[in-house]
Every structure is written in C-alpha cells, then in structure tokens.
Amino acid sequence: MSPTTVALAELIAALGGDLLGGSDIRIARIAPLDEADGVSISFLANPRYQAQLGTTRAACVIVAPALAEAASARGAAIVTPDPYLYFARLTQWWAARARPAAVAGVHPSAVVSPDATLGPGVEVGPLAVIEAGAVIGEGARIGAHCIVERGAAVGAWTRLAPRVVLGHGCRIGARGIVHSGVVIGADGFGFAPSKDGYVKIEQLGAVTIGDDVEIGANTCIDRGALGDTVIQDGVKLDNLIQIAHNVQIGRHTAMAGCAAVAGSTRIGANCTIGGAANIIGHLTLVDGVHISAATTVTRSIHEPGVYSGPYPFEENSSWQKNAATLRQLHTLRERVRALEKK
Amino acid sequence: MSPTTVALAELIAALGGDLLGGSDIRIARIAPLDEADGVSISFLANPRYQAQLGTTRAACVIVAPALAEAASARGAAIVTPDPYLYFARLTQWWAARARPAAVAGVHPSAVVSPDATLGPGVEVGPLAVIEAGAVIGEGARIGAHCIVERGAAVGAWTRLAPRVVLGHGCRIGARGIVHSGVVIGADGFGFAPSKDGYVKIEQLGAVTIGDDVEIGANTCIDRGALGDTVIQDGVKLDNLIQIAHNVQIGRHTAMAGCAAVAGSTRIGANCTIGGAANIIGHLTLVDGVHISAATTVTRSIHEPGVYSGPYPFEENSSWQKNAATLRQLHTLRERVRALEKK
Amino acid sequence: MSPTTVALAELIAALGGDLLGGSDIRIARIAPLDEADGVSISFLANPRYQAQLGTTRAACVIVAPALAEAASARGAAIVTPDPYLYFARLTQWWAARARPAAVAGVHPSAVVSPDATLGPGVEVGPLAVIEAGAVIGEGARIGAHCIVERGAAVGAWTRLAPRVVLGHGCRIGARGIVHSGVVIGADGFGFAPSKDGYVKIEQLGAVTIGDDVEIGANTCIDRGALGDTVIQDGVKLDNLIQIAHNVQIGRHTAMAGCAAVAGSTRIGANCTIGGAANIIGHLTLVDGVHISAATTVTRSIHEPGVYSGPYPFEENSSWQKNAATLRQLHTLRERVRALEKK
C-alpha cells in the first residue's frame, strides 16, 4: 500500500514512542504477528498473544513497557503505553502517505449551484451535485456522485466517499467520514391510517450529526418527523444500519453492522450495539449499555451493563426438538408447579 | 421549515375543521405537545396524553370533539373527528408550502434517450439516466442520479428521490414516493447446482408496483424469475427492506425497516410487518396478519392476528444460564414426564 | 421478454436434449407448470410435482428420462438428465436473445482517467467514473453511474450493473455479476478506544473477489484492515448482505439476503447461509456447513451439517407466556432437579 519503505526512525519522529534497536531498519508493511515477515512492523496489544513474540518474523514489534525486554530480545521494538492505540495512529500515518492528495476545486463534471458556499480547499469529485444553500466547510472532500441537497451543511475536513446523499437541511460536523451508499435524511416512516389507506405524515425535521462521526456503507439515517434525528459527537456506525426518525444517539456510542434502531428511541453515550441487534421504538437506553449481537431490545434499559438475547443455535435436529418444546414452555412450567404441589 | 408563519384561519381554510378561538393567531411550526411553544400548533390523538393539555405551551391544539371544551379552555383549538389524520394532512400542507416548486424539464446534464417518453410537466434532475422505451407519466419527478432503464415506467406524479434504480421493464404506478438508494428490479437470487458450481437462472420477470406506494431508502425489490414480483396499491415499505423475487404484497400492507421477505411468499392486504422481521420463502400470509418486530416467520399463517417471535433479551449473565438450559429443553421435558409417571 | 417466438428445434440445436414430438412447435415464454399456456415451455424438476403433468397446458415440458413417457403422452417433451439445470441454461439462452448487445466503447458522459486501462470490447455506461490505474478486462460492462476507483481491477466479461462502487485497489475476477448499489471496499469497522473517544484504524487491505461471483443489490463487502477480505470463485451473495473486513468465503458458497458476517470469520467452501442469518467475528466454519435462515452463529462449526437457531414464532398471547417463562428457564431446571432428588 505504501509508495516506499520507511525507516523506523522516521516513524518514531512522526508518532513518538521509545525505539529499542534498529533505527535504520526499513519497514514495508504493517502485519499481524502471525503474518509478519522481515519487512513488517507488528504490534502486541493483548498479553494473551505474548507467545507469538517468540515465533513472529516481524522486523519490529510495538509493545507495552512490561514487554519491552522480551520484545527487544528478539529484534527492534517500539515501547508505548497503549500499543493498540499506537497501532491505530500508525495506520493513519501510513494511509496518509499512500492517499492521493486532495485536489482542491470542483471537477468540471460536477453540478454545483452558484448559491452553494464552498470553503477554502474543498474538493468536489466528478458528477457530484451540490444544491443551492448548501455549505461545505474548509478542506471537506465531496466524492464522486455525491448529492448535497439544498441547505445541507458539511463540516470542515469531513470526507464524503463517492455516492453519498445528504438530504436537504441536514448537517454533519467536522472531521467526519461517510462511506458510499449512505442516505442521510430520507423521510422517516410515518403514516396516519384512514379509511382510504395510509396518509403520509410529511417528515418536517432534519438530521443533525456531530463532529468526528463515521458512518458505514449503505447505512440510512432518516430525518425527524417534527424535530431532528440526532447523532452526537464521536459516534461510529458500521454498514447497513437503520436509524429511524427522531432517534438520538449519545457521544462515542458505536454500532456494528446491520443494527437497527426504531423511531424516537434514545441511546446514551459510550454504548456499544452489536451487529444485527435491533431496538424497538420509543425506548431509552442509559449511558454505558452494551447490547450483544443479534439481540432484540424490547424494553428501556435503566442500568449500564451487558444485555443479550440471541437464540442459541445448534445442530438442526436438536434445534427442532427444543424449539417444539419451547412452544409448550408455559405448560411445562405449569406441570412442574403441579408436581411440586404433590 | 416554513417560509413564513401562517394564520390559523388560513390553515382552516385549507384543511377544514372547527376552529375555537384565535383565528388570527399565527403559527410558525408544528410540534409535539411537550415540545410546543407559543407559536406552535400541536395535536392530541391519544386520550392517554390528555394530561399534557394542562401543561403544553402550544398556541393551538388539534383535538377530537370529546376534548373540545378542555382544549379551548386553555387556548385555540381545532376540533376534528380524527386529530392524527388531521395532523398528517397538516404536515402535507406545511411541506408543500416549503418545498421548491417542480421545475418541469430535463436538466442539461441528464442523459435521456430520444426513445424515452416524458409526459407533461415531468422534471428530470441532474445526471439522471433515462433509457430507450422508458415512459414517465405526467408531473413525475425523477431525482438527480436516478436510472430508469429501458422499457421501465413511472406513473403520474410519482417522485423518485435522488439515486434510485428502476430496472428494465419494471413499473411503478401513480403518486408513489421512492427514496434514495432503492434498487427495483435487480436479479432475483436463483441458481441451479451443477458439478461445476452454480448455474445462473436468468430472471426473466420484472417488478410491478401499484399506485400510492412509498419505498424507503436502500430497499431492494428483485425482479421475478418467470412472472413478476408484485407490490399492490398503497403498500408502504420502510428502509433497507429485502423483497425477493416473485413475492406478492397485498394492498395497504406496511413493513418496517430491515424486514425481509424470501422468494415467492405472498403477503395479504392490510398486514403490518415489524422491523427486522423476516419471512421465509414460499409461504402465504392471509389478510390482516400482524408480525411483531424481529420475528422469523417459518410457516404460512391462515388466520388474521398478531404473531410474535423475538427472543426475550435480558442481562447477559442471566441470558447465558437460560440459553444454556434452552439447549437441554427437550431433555427437561422428558424429565418432567418421568416425574409425572412416578 | 423475447423478441419473437422460437421453434423447439432451434432450442434443441442450442441447448441439446432429446426432443419427443413437435419440433416445429413455437414457444413464446417460459412458465411454471401451473401457469403455463399453449405457447409456454415448462419443466418438471421435482418428482413431487409429477401430478401437474396431467393438468399443465404447457406446449412442451422438460423432464428427466424416467418421466419421458408420461410427459410425451400429453405433448412435446425435452428429455435431459437434469431438468432444472437445463431450465437454468434455457433462461440464459432466452435472456441473451432479449438483452441489448453490448455497445463497446465509452459513453461520452463517462469520466475515464487517461491512466485507466480498458480491454477490447469494454462498454462503459453513462456518467460512470473510472480512475487512474484501474484495469478493465476484455468484454467487461461497466454500468451507468459506476465508480471504479484507482488501481481497482474488473475481470474479463464481468458485468457491473448501474451504480456499483469498486474501491481503490479492489479486484473482481472474470464473468462476475455485480448488482446495483453494491459497495466493495468501504472501510472495515475498526477503532482503538482512547480517552478522547475512538481512534480510527485505517483499513489498509483491499477486497479480492474470484471468478464467477455474483453479488446482489446494496450488498457491502468491506476492505481488510491489514490483509484482504477474500471472496473465492463461484460464491453467490444475495442482496443487502454485510461482509466485514478480513472475512474469507470459500468456493461455491451461497448466502441469502440480509445475511451478515462479522470481521475475520472464515467460511468454508460449498456452504449455504440462510437469509437474515448472522455470524459473529473470528469464527471458522468448515466446508459443507448449512445455516438456516435467521440463525445467529456464535461459535465455530467444525463438522459439516445443518445448523439452526430461529426463535419459533407463534400467536402473540402464547408467545408472551412462553417468553416470560423462558426468562425463568434456568430456575425451572433447578426446580425439576429438586423434584428428582425427592
């Protein structure tokens, strides 16, 4: 991925850390301990994998102080209090070297309203559409085929990957990343029944997204019915997630792929929602709630903690017997009760 | 959202209802009772919330006749038999005031085949593609980046939001709304096994969608294998829904986000399918069936009613114990049987 | 769908099989036995439906040798060892007749880098974007609004439907089909926690996809964190599927709609994953594993077989009683144990 190799000394100069040995060793790639070769840098974040220190072929390993001696006995080492965080910063530095520089300016094929406002250094990709009243902050990058509708706002240094829709009046803050296929600000799902079928409730709110938010591919965040749908600072959403109208998600909450949150539910800060989990509407989850993958949340959660609910899968013939019994579970309890009375 | 405020008298002139008091009061927004301020109009649809009449700051409240006295005692009121339906119509009227007028005509950046047929008043947005043989009805709006493939048809006054794909030969009726990212008419998932791997079954049908249908963002409706996939009049589909080939959905059925229906299943009219529910293939659900969120339907349903199946989530340590026991449930029943025999 | 009718003799000339009777019969469509009319060809693949031979109005039926006599007694028949496979090939031949010929060349509205490499016979649709360093193989078709990013590669004869994103450095092999809305190569979901919130782990890998792979509408396949996400030859993915970073899927495995696979999980060859099933991260499933629809896989599977886990749905009031009891299941087992001790 990188254009050339890099000396460990350069890396330390950029990212800090204590280098033990080999400042002129050159690194060509980042790799896990068990896949590393002699031009790889690797990291050891989980002490459980300490045994891999003895077998890895990595040229350099990033470790915590407690493992400095063990790591440097076998080759170069970078010592840092949080090796995983150091690794994250290393990937950022690495990617920045390989990424093409932003080309400030509007691609000639883009359709940009003269009534849109573009900050300094903004890049607008091929065939993007930016409507009247949209405001694009300094250094933001609008990918090919994106649509920023009327009155929408993109914060400074935020990147929209190719093919993102940011609906009219919706706002995303600074330093965000929005992946391809995301739809922000489609109508929430609201209808009044009538004798002639459903009558649409026009969705008059918008979507407000804070700073440092990342949103995965093909995820949808609907606009609010009256007020706004709100995603606070630092929230991370994976792919194919559904956020319904008027949902609120607190700071630094992360949700894995295919999760879904129904209308008007409020999720606190610092929560994690597992993949394919879903949360029904009009609930409240306090801060620090962790929902396991594939769990359906049907009640508000008032205490931090871990909550789970996937059905335990098993070999099919066994599942069939247990599932059949499950349909009689209440009766079974009655039978136990009757036995106890005897 | 609205360009200016509006007098209650104007609103009554447009939407009907009996106004008690304050015809010259001006309204700036629509809000729920508990968020309303002195320039808000609100509504009380559920008698459970009647207490909020005493605390809301709304300038005007829409109520049913039974609450006319209580509502007008505290300020202006609009009396109407179905306040929720009135609210829905109010949002439509409100949104129409704020929405930019359709700009009939084809944006110069769009790629429209000379062999496509566009009705009067059609608007085609920037960079849209309309292929040969496509037919676009009167007053329809085709958003930016939409693709209407060869031989597809869009009914009168239907709106495709930006970035919708309507596949070749597929049809949607009048007054529909299709949100961004929707894919109508991708191939259904059909393969014949062979010793060299799967052999594709070309999907020779199309998708037929009735009038007054709304389809949420990033939802997919596959074309039929031989006959068509059919969505009848008045159906409402939320975001990220999967409708497989040859599914049929009856009139006025509504499905919430992330629901999925496998191939050839037929769902009746006036059903509701909860979010993240899924229905396996080749089933029949009669009219008036209501499926709870996150339920997996594995058998046909021959009686109207409410059907449910989410696993009851709980605090993780408790879930672990119960889930482990669940794998022994059949054995547990045998043990109860043995005890009963004694 | 077909431009004209076709004589059975033509069909046999193209596809083989033994024709019994009626070589000059002309066919206008392919239809299931129970929907066929006098100009339809149909097939009987499942002996269970043999009774339909007596009632179908099809002009010709494709059957296995054992049914040759019964089928030809009622009209024309094509005899072939595997009628379903013959049907699949027939649909391909039929669709090829109706499909517009590829128009080699680049649509004038497409934005193609001069540093991209296009093989002979490549078709690039309207408003597509192909970046520098991309390589498009012979006869490949790139649909309208597709984006092939820098350094990505599309194999010979592969077709990207309109509006597909193939991310930088990602590769798909020959003869693939990718449906609209697919995003290949968005960032995997990786973050290191820090006291200031999540720190992004840049995703430095790519996606490698083999030959003869089909990918359904709006499906997402994320790029790997360090190494690549790998989809092997002959894999078939339905719509709205989530494949997380560094997942590996073996040859000829098929996954139905809305399935999801979390990071670093390895799925073997010749597996089937049912619709809405999900598999958590860092697991291994061996070859020949079949997962039922709506099953959550939480442990590695070391033996081929069928595994299941959907919660058995039922009428709501019954579900409520059973679900409430389920929360006490562990206690119920303790009570049975106590009874047994007496």
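Could you list, in sequence order, the residues of region A:319-328 that are in a helix (DSSP H, G or I), within 7 Å of another protein chain (Cβ to nearest Cβ) and open to solvent by 50 Å² or more (accessible area, probe 1.4 Å)?
A:Lys321, the sole residue that qualifies.
Against the conditions (1) over 21 Å from C:Glu35 (Cβ atoms); (2) surrounded by fewer than 23 Cβ atoms within 10 Å (Cβ to Cβ), where does B:Ile184 fall short? Just the number, please.
(2)
Out of (1) within 14 Å of chain C (Cβ to nearest Cβ); (2) open to solvent by less than 20 Å² (accessible area, probe 1.4 Å), the odd one out for A:His252 is which?
(2)
Of everything in region A:1-20 that's touching a helix residue (DSSP H, G or I) at 6+ places or on another chain (Cβ under 6 Å) and open to solvent by 40 Å² or more (accessible area, probe 1.4 Å), which residue is modelled with the lowest pLDDT?
So the residue we want is A:Met1.
When you go through A:Arg175, A:Arg150 one by one, which is the residue that is part of a loop (DSSP other than H, G, I, E, B) and under 25 Å from B:Ala128 (Cα atoms)?
A:Arg150
Does C:Thr331 satisfy being out of contact with any Ser or Thr (no Cβ under 7 Å at 6 or more places or on another chain) and facing chain A (nearest Cβ under 9 Å)?
no
Condition first: surrounded by 24 or more Cβ atoms within 10 Å (Cβ to Cβ) and closer than 18 Å to B:Ile147 by Cα. Now tell me which residues in region C:130-145 satisfy that.
C:Ile142, C:Gly143, C:Ala144, C:His145, listed by residue number.
It is to be established whether one or more residues within region B:146-161 are touching a Ser or Thr at 6+ places or on another chain (Cβ under 7 Å), under 26 Å from B:His252 (Cβ atoms) and open to solvent by 10 Å² or more (accessible area, probe 1.4 Å).
Yes, region B:146-161 contains at least one residue that is touching a Ser or Thr at 6+ places or on another chain (Cβ under 7 Å), under 26 Å from B:His252 (Cβ atoms) and open to solvent by 10 Å² or more (accessible area, probe 1.4 Å).
Sort out for me the strands (runs of 3 or more DSSP E) sitting completely within region A:28-102 that have 3 or more residues that are closer than 30 Å to C:Glu131 by Cβ, away from chain C (no Cβ under 11 Å) and touching a Phe, Trp or Tyr at 6+ places or on another chain (Cβ under 6 Å).
Those strands (runs of 3 or more DSSP E) do not exist here; none qualify.
Looking at A:Arg333, A:Arg299, which is the one that is open to solvent by 40 Å² or more (accessible area, probe 1.4 Å) and either within 19 Å of A:Asn246 (Cα to Cα) or in the same structural domain as A:Gly188 (by TED's automatic domain parsing) (or both)?
Selected residue: A:Arg299, the only one of A:Arg333, A:Arg299 that is open to solvent by 40 Å² or more (accessible area, probe 1.4 Å) and either within 19 Å of A:Asn246 (Cα to Cα) or in the same structural domain as A:Gly188 (by TED's automatic domain parsing) (or both).
What number of residues within region B:194-232 satisfy the criterion of being polar (S, T, N, Q), at the interface with chain C (Cβ under 10 Å from one of its Cβ atoms) and buried (at least 21 other Cβ atoms within 10 Å of the Cβ)?
Residues in region B:194-232 being polar (S, T, N, Q), at the interface with chain C (Cβ under 10 Å from one of its Cβ atoms) and buried (at least 21 other Cβ atoms within 10 Å of the Cβ): 3 in total.
Could you please give the count of residues in region B:168-183 that are within 9 Å of chain C (Cβ to nearest Cβ) and closer than 21 Å to A:Val164 by Cα?
Residues that pass the stated criteria total 3.
Could you list all residues from region C:217-251 that are within 13 Å of the chain's Cα centre (by Cα) and basic (Lys, Arg)?
Once the filter is applied, which keeps residues that are within 13 Å of the chain's Cα centre (by Cα) and basic (Lys, Arg), region C:217-251 yields C:Lys236, C:Arg251.
Would you be able to tell me the number of residues in region A:263-289 that are over 19 Å from C:Ile280 (Cα atoms), of a type outside the set (Ser, Thr, Tyr) and assigned to a loop (DSSP other than H, G, I, E, B)?
Selection size over region A:263-289: 11.
How many of the residues making up region C:300-318 are within 8 Å of chain A (Cβ to nearest Cβ) and part of a loop (DSSP other than H, G, I, E, B)?
Residues meeting the conditions: 4.
Give just the number: which of (1) modelled with pLDDT under 95; (2) in a strand (DSSP E or B) does B:Thr331 not satisfy?
Unmet condition: (2).
The values are calculated or read from the model by the stated rules, or taken from the named source; none is laboratory data. Here the structure is a predicted model, which is why all the values come from computation and not from measurement. A quick note on method: Cβ atoms are made from the backbone with ideal geometry, for glycine too, and the neighbour counts reach across all protein chains shown. All accessible areas refer to the heavy atoms of the entire protein, side chains included, with ligands and DNA or RNA removed. Shrake-Rupley method; radii C 1.70, N 1.55, O 1.52, S 1.80 Å.
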